[in-house]
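The values are calculated or read from the model by the stated rules, or taken from the named source; none is laboratory data. Here the structure is a predicted model, which means the values were calculated and not measured. Note: ideal-geometry Cβ built from the backbone for every residue, glycine included; neighbour counts use all protein chains shown.
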């Protein structure tokens, strides 16, 4: 088994730190404890591994194709947000394996349902555009370092996507992500379902 004292999951915080902190958390109560869990583990992980790198890549004076890297990171982040919200953990299936109740082996449904069903993403994505985004942007970028089916990545626009013109506006998508992250932090303080999912996700990260 991995040594959780050496598994860094949020900055300098390790899996061992998580297991110690988790013992203090009470599902359905203790808002102060959940606020600290959000800031110290969730938000710090996002900041150092996703948000800060995106900010560096988005520095003024670029526009040399860095949008591909930015949106690739955003897609990875969206999957993490979706998995954290539901408390699901990815598992590579071998022949004969059966998924547990909180596991997934394909991100397709998880990713698409999150975009089309969870605010503020759902204001810009419906089921069809979420599917097209997943296939033509997320999968194409992560597997082939390209977009497909006529989709383009632009810097700024009024919404995260224009599905009719097939444009992703990377800055608007980032603003939507940040709005979601802040709202998630507020909801985590009082939602037992989100708290239980949070524990499942960080237990897996700390394993």
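Of the residues 73, 78, 153, 161, which single one is surrounded by 12 or more Cβ atoms within 10 Å (Cβ to Cβ), in contact with a strand residue (DSSP E or B) (Cβ under 8 Å, 6 or more places away or on another chain) and closer than 21 Å to residue 53 by Cα? Show your work before the answer.
Numbers: 73 fails: in contact with a strand residue (DSSP E or B) (Cβ under 8 Å, 6 or more places away or on another chain); 78 fails: in contact with a strand residue (DSSP E or B) (Cβ under 8 Å, 6 or more places away or on another chain); 161 fails: closer than 21 Å to residue 53 by Cα.
Checking each option against the conditions leaves just 153.
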>> With the requirement that a residue be modelled with pLDDT of 95 or more, surrounded by 14 or more Cβ atoms within 10 Å (Cβ to Cβ) and assigned to a loop (DSSP other than H, G, I, E, B), what does the range 18-33 give you?
In response: 25, 27
>> Could you go through the range 81-89 and let me know if any residue there is crowded, with 17+ Cβ neighbours inside 10 Å and part of a loop (DSSP other than H, G, I, E, B).
In response: yes
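Of all residues being without any contact (Cβ under 8 Å) to a residue 40 or more places away in the chain and part of a helix (DSSP H, G or I) in the range 54-78, which is farthest from residue 125 (Cα to Cα)? Just the residue, please. Steps first, please.
Here is the first cut: in the range 54-78, the ones without any contact (Cβ under 8 Å) to a residue 40 or more places away in the chain are 55-57, 59-62, 64-66, 69, 73.
Checking the rest, the ones that are also part of a helix (DSSP H, G or I) come to 55-57, 66, 69, 73.
Numbers: 55: 24, 56: 27, 57: 25, 66: 24, 69: 22, 73: 19 Å.
Among residues in the range 54-78 that are without any contact (Cβ under 8 Å) to a residue 40 or more places away in the chain and part of a helix (DSSP H, G or I), the one farthest from residue 125 (Cα to Cα) is 56.
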> What are the residues in the range 148-158 that are without any contact (Cβ under 8 Å) to a residue 24 or more places away in the chain and in a loop (DSSP other than H, G, I, E, B), if any?
Replying inline: 148, 149, 150, 151, 156, 157, 158
> Among the residues of the range 90-124, which ones are crowded, with 20+ Cβ neighbours inside 10 Å, assigned to a helix (DSSP H, G or I) and free of Cβ contacts under 8 Å to residues at least 40 places away in the same chain?
Replying inline: 111, 112, 114, 115
> For residue 137, are the conditions met, namely being surrounded by 12 or more Cβ atoms within 10 Å (Cβ to Cβ), touching a residue at least 40 places away in the same chain (Cβ under 8 Å), in a helix (DSSP H, G or I) and touching a strand residue (DSSP E or B) at 6+ places or on another chain (Cβ under 7 Å)?
Replying inline: yes
>> Restricting to the range 198-207, name every residue that is in a helix (DSSP H, G or I) and in contact with a helix residue (DSSP H, G or I) (Cβ under 6 Å, 6 or more places away or on another chain).
In response: 201, 202
> Looking at (1) surrounded by fewer than 19 Cβ atoms within 10 Å (Cβ to Cβ); (2) under 25 Å from residue 54 (Cα atoms), which is the only condition residue 198 fails?
Replying inline: (1)
> Would you pick out the residues in the range 164-194 that are assigned to a loop (DSSP other than H, G, I, E, B) and surrounded by 14 or more Cβ atoms within 10 Å (Cβ to Cβ)?
Replying inline: 166, 189, 191
> Of all residues in the range 34-44 being without any contact (Cβ under 8 Å) to a residue 40 or more places away in the chain and buried (at least 16 other Cβ atoms within 10 Å of the Cβ), which is farthest from residue 80 (Cα to Cα)?
Replying inline: 40
> Does residue 132 satisfy being without any contact (Cβ under 8 Å) to a residue 60 or more places away in the chain and over 26 Å from residue 191 (Cα atoms)?
Replying inline: yes
